[in-house]
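**Student:** Shown below is the structure under consideration.
The values are calculated or read from the model by the stated rules, or taken from the named source; none is laboratory data. These numbers were taken from a predicted model, which means no experiment stands behind them. Cβ atoms come from the backbone with ideal geometry, glycine included; neighbour counts cover every protein chain shown.
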Amino acid sequence: MVFEIIDVIISGLINGSVYALMAVGLTLVYGVTKAFNFAYGSFYNMGGYFAWMLLIPVGLIGGYFSVFFVAIPVFFVVGYLLEKILISPLRKHDDWEMKVMMLTLGLSLFMDFGYQAVFGPRIKSLPGMIEGTLELGQVVLFHQDIVIFILSVGGMICFGWLLNNTRTGMAVQAVAQNPAGAKIVGIPKDFIFAATFAISTIMVGLGGILLSQKTFIDPMGSTNIMIKAWVITAFGGMGSISGSLYAAFILGMLEAFVGWHFGMIYVQIATLTLLLVTLTIRPRGLMGRE
Amino acid sequence: MLKVNKLNAYYGESHILKDVSVAVDQGQVVLMMGPNGHGKSTLLKSICGLVEKVGGEISYSGEDIIGSAADKIVNLGITYIAENRELFPYMTVKENLKLGAYSKNARANEKKNMEWVASLFPKLIERQKQLACTMSGGEAKMLAIARGLMSDADLLCIDEPALGLQPSYRLDVLEIIKEISKQGKTVFLVEQNIPQLTEMADKIYIMEEGSISFEGSKDDALNNEDLKEIFLGL
């Protein structure tokens, strides 16, 4: 019993860490642009398929190490260009936040059907990053889980460092906190919007590579991820990075316990109940700002 | 240095500035006065690229800047210091100041300007780790001015720096503007709460209903009975 609970906690921590990586990216884009990216789940699948392509048909030397090396710049460019080509022109119109949601919803469906057309409707699986287990008494940890946890947390630490210690990172925060003030000090908003979108694409794409090893790559699976990422950001407080971090671990843990005790079918119901109760009592979420 | 010719500016459908022409020469302190809500701030914002719908001519050091993006204008050496401060609320004093030096030119002189700002605003530097949102109105105003100075601009467009401030802060503002001017910087200022400023202004404009109704030296203004009563409060 005790060891089962320890297993559940570990599973919650691992899922929570990857969710945190993804949700922070989503909340960042919302915080900066005030528009919601509904294609976020499809970018997660882009990560899975990208890794699959490089590892299976291409057979890239260096395995996952090379995959990350190639993926980070590629995801950045994809995110940057999509923002510049599809989203940036919308901002010239009134009510553009709503138009961005419409467009990203369309983009999400386009990508999902695109995956089906290119990769077929059946799920694909990614090879594990690393084999083997670590035994601590009766608790057994998969090396793979440890690596996923370390990479997710490491990714977030890198991201936090960049946000607080680089000029562009500070500019991103400035635009999120006061767009008018950012304009006054000469921060080019268009560049910051595109860069933020690109960074969030990296975060969710990496999340896709990490988590798809434990689950599968499902061409229609983006909705589930979108729901999760959205629940975390709304629960944590839209636009709040620390809120998303806490929310990701709380929901990761809740998911693990509900899945273990009641069955996986109740997981989404439990997380959505938590969300609805939270938003009813506190509409701005855990740490959102009024 | 700065020439504005027949400038028109709009917010949505409302026509705010109507054929406004002003000229500011290098090293001058130019004062813009007039009733509230008649377009003084809009003029400063239009110069700094912060108003979307503008028509007419604005040239700075011979370069046409009307309609240019705000970040390009900051890079040319013009900065706007907002009446409502527009600070970054969840950043520290120091971080706000560093972001003031975001533009390329400012970056090169960030250290020098930080020392200058520290000498002008010793109280701010004592509180460099404090979040901007926890500061009092007067302190926040000082921070907004200090952040503007970090931009390394040659032309500072300062919007009502003393509005809503206690008298002691108003005198601080006056001293700071004197010091900025002493450094050879050009100051274009909207302000009418500091009578001493009228004394030091090289030129005074008065704007009413989106048009310039008076332009002249401080002596012209002081000799004009109507102005004395209505605007200068003397």
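**Student:** Which condition number in (1) away from chain A (no Cβ under 14 Å); (2) within 20 Å of the chain's Cα centre (by Cα) is the one that B:K111 fails?
**Tutor:** (2)
**Student:** Let me ask something additional. Criterion first (free of Cβ contacts under 8 Å to residues at least 40 places away in the same chain and of a type in the set (V, I, T)) does B:I65 satisfy it? Break it down into steps so the answer makes sense when it comes.
**Tutor:** Numbers: free of Cβ contacts under 8 Å to residues at least 40 places away in the same chain: yes; of a type in the set (V, I, T): yes.
It is true that B:I65 is free of Cβ contacts under 8 Å to residues at least 40 places away in the same chain and of a type in the set (V, I, T).
**Student:** While we're looking at this one, here's another question. Specify which of the listed residues (A:I130, A:I123, A:I184, A:I146) is more than 16 Å from A:V29 (Cα to Cα) and within 14 Å of another protein chain (Cβ to nearest Cβ).
**Tutor:** Answer to the check: A:I184.
**Student:** Restricted to segment A:177-191, and to residues that are hydrophobic (A, V, I, L, M, F, W, C) and more than 21 Å from A:G79 (Cα to Cα), which residue is surrounded by the most Cβ atoms within 10 Å (Cβ to Cβ)?
**Tutor:** First pass over segment A:177-191, keeping only residues hydrophobic (A, V, I, L, M, F, W, C): A:180, A:182, A:184-185, A:187, A:191.
Cutting the leftovers down to more than 21 Å from A:G79 (Cα to Cα) gives us A:180, A:182, A:184-185.
Working: A:A180: 12, A:A182: 26, A:I184: 30, A:V185: 28.
Top of the filtered list is A:I184.
**Student:** Only residues that are more than 14 Å from chain A (Cβ to nearest Cβ), outside any strand (DSSP E or B) and buried (at least 22 other Cβ atoms within 10 Å of the Cβ): list them for segment B:43-68, please. Reasoning before the result, please.
**Tutor:** Just the residues of segment B:43-68 that are more than 14 Å from chain A (Cβ to nearest Cβ), to begin with: B:43, B:54-64, B:66-67.
Next, from what is left, pick out any that are outside any strand (DSSP E or B): B:43, B:61-62, B:66-67.
Scanning segment B:43-68 gives a single hit, B:L43.
**Student:** Going by the conditions given, is B:D71 more than 14 Å from chain A (Cβ to nearest Cβ) and of a type in the set (D, E)? Don't jump to the end; show me each part of the working.
**Tutor:** Details: more than 14 Å from chain A (Cβ to nearest Cβ): no; of a type in the set (D, E): yes.
When the stated conditions are applied, B:D71 does not pass them.
**Student:** Determine which member of the set A:I265, A:I250 is at pLDDT below 95, at negative phi and either β-branched (V, I, T) or touching a Cys at 6+ places or on another chain (Cβ under 7 Å) (or both). It would help to see each step written out before you state the result.
**Tutor:** Details: A:I250 fails: at pLDDT below 95.
A:I265 is the lone residue from the list that is at pLDDT below 95, at negative phi and either β-branched (V, I, T) or touching a Cys at 6+ places or on another chain (Cβ under 7 Å) (or both).
**Student:** Please tell me if B:G12 is over 29 Å from B:E179 (Cα atoms), within 11 Å of chain A (Cβ to nearest Cβ), over 18 Å from the mean Cα position of the chain (by Cα) and small (G, A, S). Show your work before the answer.
**Tutor:** Working: over 29 Å from B:E179 (Cα atoms): yes; within 11 Å of chain A (Cβ to nearest Cβ): yes; over 18 Å from the mean Cα position of the chain (by Cα): yes; small (G, A, S): yes.
When the stated conditions are applied, B:G12 passes them.
**Student:** Does B:Q166 satisfy the criteria of being surrounded by fewer than 18 Cβ atoms within 10 Å (Cβ to Cβ) and within 14 Å of B:M142 (Cα to Cα)? Explain how you work it out, then say what you get.
**Tutor:** On the way: surrounded by fewer than 18 Cβ atoms within 10 Å (Cβ to Cβ): yes; within 14 Å of B:M142 (Cα to Cα): yes.
Answer is yes for this residue.
**Student:** Another one. Please go through (1) within 14 Å of the chain's Cα centre (by Cα); (2) in a loop (DSSP other than H, G, I, E, B); (3) within 8 Å of chain A (Cβ to nearest Cβ) for B:L87 and return the number of the only condition it doesn't satisfy.
**Tutor:** Looking at each condition in turn, B:L87 falls short on (1).
**Student:** If we scan segment B:120-133, do we find a residue that is within 14 Å of chain A (Cβ to nearest Cβ), under 17 Å from the mean Cα position of the chain (by Cα) and crowded, with 20+ Cβ neighbours inside 10 Å?
**Tutor:** No, segment B:120-133 contains no residue that is within 14 Å of chain A (Cβ to nearest Cβ), under 17 Å from the mean Cα position of the chain (by Cα) and crowded, with 20+ Cβ neighbours inside 10 Å.
**Student:** Across segment B:92-102, what is the number of residues that are touching a residue at least 24 places away in the same chain (Cβ under 8 Å), within 13 Å of another protein chain (Cβ to nearest Cβ) and either more than 14 Å from A:T166 (Cα to Cα) or in a helix (DSSP H, G or I) (or both)? Step through it out loud before you land on a result.
**Tutor:** Initially, segment B:92-102 is screened for residues touching a residue at least 24 places away in the same chain (Cβ under 8 Å), giving B:92-94, B:96-102.
Add one more test, that the residue is within 13 Å of another protein chain (Cβ to nearest Cβ), and what stays is B:92, B:94, B:96-102.
The next check asks that each one be either more than 14 Å from A:T166 (Cα to Cα) or in a helix (DSSP H, G or I) (or both); those that pass are B:92, B:94, B:96-100.
Summing the residues that are touching a residue at least 24 places away in the same chain (Cβ under 8 Å), within 13 Å of another protein chain (Cβ to nearest Cβ) and either more than 14 Å from A:T166 (Cα to Cα) or in a helix (DSSP H, G or I) (or both) in segment B:92-102 gives 7.
**Student:** Further question: Can you tell me which residues in segment A:165-178 are under 23 Å from the mean Cα position of the chain (by Cα), at the interface with chain B (Cβ under 9 Å from one of its Cβ atoms) and polar (S, T, N, Q)?
**Tutor:** A:Q173, A:Q177 - these are the residues of segment A:165-178 that are under 23 Å from the mean Cα position of the chain (by Cα), at the interface with chain B (Cβ under 9 Å from one of its Cβ atoms) and polar (S, T, N, Q).
**Student:** Whether any residue in segment A:156-176 is more than 19 Å from B:L131 (Cα to Cα) and crowded, with 22+ Cβ neighbours inside 10 Å is what I want to check.
**Tutor:** no
**Student:** Further question on the same structure: Quick check on segment A:266-290: of everything there that is touching a residue at least 12 places away in the same chain (Cβ under 8 Å) and charged (D, E, K, R), which residue is nearest to A:W230 (Cα to Cα)? Steps first, answer last, please.
**Tutor:** At the first step, the residues of segment A:266-290 found to be touching a residue at least 12 places away in the same chain (Cβ under 8 Å) are A:267-268, A:270-272, A:274-275, A:278-279, A:284-289.
Still in the list and also charged (D, E, K, R): A:284, A:289.
Details: A:R284: 14, A:R289: 17 Å.
Filtering first and then ranking leaves A:R284.
**Student:** Kindly establish whether A:G181 is over 22 Å from the mean Cα position of the chain (by Cα) and either in a helix (DSSP H, G or I) or modelled with pLDDT of 95 or more (or both).
**Tutor:** On the way: over 22 Å from the mean Cα position of the chain (by Cα): yes; either in a helix (DSSP H, G or I) or modelled with pLDDT of 95 or more (or both): yes.
For A:G181, the condition - over 22 Å from the mean Cα position of the chain (by Cα) and either in a helix (DSSP H, G or I) or modelled with pLDDT of 95 or more (or both) - is met.
**Student:** Going by what's in this entry, would B:A221 be described as within 25 Å of B:V74 (Cα to Cα) and small (G, A, S)?
**Tutor:** On the way: within 25 Å of B:V74 (Cα to Cα): no; small (G, A, S): yes.
Spelling it out, it is not the case that B:A221 is within 25 Å of B:V74 (Cα to Cα) and small (G, A, S).
To keep it simple, each residue is scored yes or no on (1) among the hydrophobic types (A, V, I, L, M, F, W, C); (2) touching a helix residue (DSSP H, G or I) at 6+ places or on another chain (Cβ under 7 Å).
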residue: A:V77; (1), (2): yes, no
residue: A:E97; (1), (2): no, no
residue: A:L105; (1), (2): yes, no
residue: A:M129; (1), (2): yes, yes
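**Student:** Shifting gears a bit: Does A:I146 satisfy being at pLDDT below 95, of a type in the set (V, I, T), outside any strand (DSSP E or B) and in contact with a helix residue (DSSP H, G or I) (Cβ under 9 Å, 6 or more places away or on another chain)?
**Tutor:** On the way: at pLDDT below 95: yes; of a type in the set (V, I, T): yes; outside any strand (DSSP E or B): yes; in contact with a helix residue (DSSP H, G or I) (Cβ under 9 Å, 6 or more places away or on another chain): yes.
Considered against the rule, which asks whether it is at pLDDT below 95, of a type in the set (V, I, T), outside any strand (DSSP E or B) and in contact with a helix residue (DSSP H, G or I) (Cβ under 9 Å, 6 or more places away or on another chain), A:I146 comes out as yes.
**Student:** Please note which strands (runs of 3 or more DSSP E) are completely contained in segment B:178-218 and include at least 1 residues that are modelled with pLDDT under 90 and surrounded by fewer than 20 Cβ atoms within 10 Å (Cβ to Cβ).
**Tutor:** Working: elements: B:186-190, B:203-208, B:211-216.
Ranges flagged: none.
**Student:** Can you find even one residue in segment A:256-268 that is closer than 28 Å to A:F159 by Cα and part of a helix (DSSP H, G or I)?
**Tutor:** So in segment A:256-268, the residues closer than 28 Å to A:F159 by Cα come out as A:256.
When the remaining residues are screened for being part of a helix (DSSP H, G or I), the result is A:256.
Looking for residues that are closer than 28 Å to A:F159 by Cα and part of a helix (DSSP H, G or I), one finds at least one in segment A:256-268, hence yes.
**Student:** How many residues are part of a loop (DSSP other than H, G, I, E, B) and either within 14 Å of chain A (Cβ to nearest Cβ) or buried (at least 24 other Cβ atoms within 10 Å of the Cβ) (or both) if we restrict to segment B:15-38?
**Tutor:** Initially, segment B:15-38 is screened for residues part of a loop (DSSP other than H, G, I, E, B), giving B:25-28, B:34-38.
After this cut, where a residue has to be either within 14 Å of chain A (Cβ to nearest Cβ) or buried (at least 24 other Cβ atoms within 10 Å of the Cβ) (or both) as well, the list is none.
The number of residues fulfilling the criteria is 0.
**Student:** Additional query: Being among the β-branched types (V, I, T) and crowded, with 23+ Cβ neighbours inside 10 Å is the filter here; which residues of segment A:1-48 pass it? Show your work before the answer.
**Tutor:** Looking only at segment A:1-48, we keep the residues that are among the β-branched types (V, I, T), and these are A:2, A:5-6, A:8-10, A:14, A:18, A:24, A:27, A:29, A:32-33.
A:I14, A:V18, A:V24, A:T27, A:V29, A:V32, A:T33 - these are the residues of segment A:1-48 that are among the β-branched types (V, I, T) and crowded, with 23+ Cβ neighbours inside 10 Å.
**Student:** Would you check if there is a residue in segment A:218-239 being among the β-branched types (V, I, T), within 14 Å of chain B (Cβ to nearest Cβ) and crowded, with 21+ Cβ neighbours inside 10 Å? Spell out how you get there, then give the answer.
**Tutor:** In the first step, residues of segment A:218-239 are kept if they are among the β-branched types (V, I, T); the result is A:223, A:225, A:227, A:231-233.
If we keep only those that are within 14 Å of chain B (Cβ to nearest Cβ) as well, we get none.
Looking for residues that are among the β-branched types (V, I, T), within 14 Å of chain B (Cβ to nearest Cβ) and crowded, with 21+ Cβ neighbours inside 10 Å, one finds none in segment A:218-239, hence no.
**Student:** Residues in segment A:69-80: is at least one under 21 Å from A:F149 (Cα atoms), modelled with pLDDT under 95, of a type in the set (G, A, S) and in a helix (DSSP H, G or I)?
**Tutor:** No, every residue in segment A:69-80 fails to be under 21 Å from A:F149 (Cα atoms), modelled with pLDDT under 95, of a type in the set (G, A, S) and in a helix (DSSP H, G or I).
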